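One structure is given here, and the rest of the page talks about it.
Any read-out appearing in this document is the output of simple, stated calculations on the displayed coordinates, not a laboratory observation. Predicted model, so just to flag it, every value in this text is computed and none were measured. Glycine gets a Cβ as well: all are built from the backbone with ideal geometry, and neighbour counts include every protein chain shown.
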Amino acid sequence: MSGCALIKGHRVFSVLKSYSLKHESGEELLPLLLAHRDAVNRVLEELWSHIEWKKRKLPGKKQWRLLPKYKVNIHSKEYKKKLRDRLLQEWPYA
């Protein structure tokens, strides 16, 4: 499955890969799935904490637009590596 997003006027394509796992008991996978969900939630909290919202009035209208401004460069390899290392440091499935 692939998706397309529009970021800063550029189209960004991403690919989502999924795999089928054959298993006999869901109880063994449940801790992994819960740990993965918690790790993803920590990543999202981290990213949201680095967003500063700027309010800009639309010219000629009574509307305002909220524009995100990142406090860090979230697209840099260094930031991604530090984030991954910090959040998965004591993760038993890493």
- Message: Where the second residue is surrounded by 10 or more Cβ atoms within 10 Å (Cβ to Cβ) and not in a helix (DSSP H, G or I) and the first is touching a residue at least 12 places away in the same chain (Cβ under 8 Å) and lies in the range 78-94, which pairs have Cβ atoms under 6 Å and are six or more apart or on separate chains?
- Response: LEU88/ALA94
- Can you pull out the residues in the range 21-36 that are assigned to a helix (DSSP H, G or I), exposed (fewer than 10 other Cβ atoms within 10 Å of the Cβ) and not acidic (Asp, Glu)? GLY26
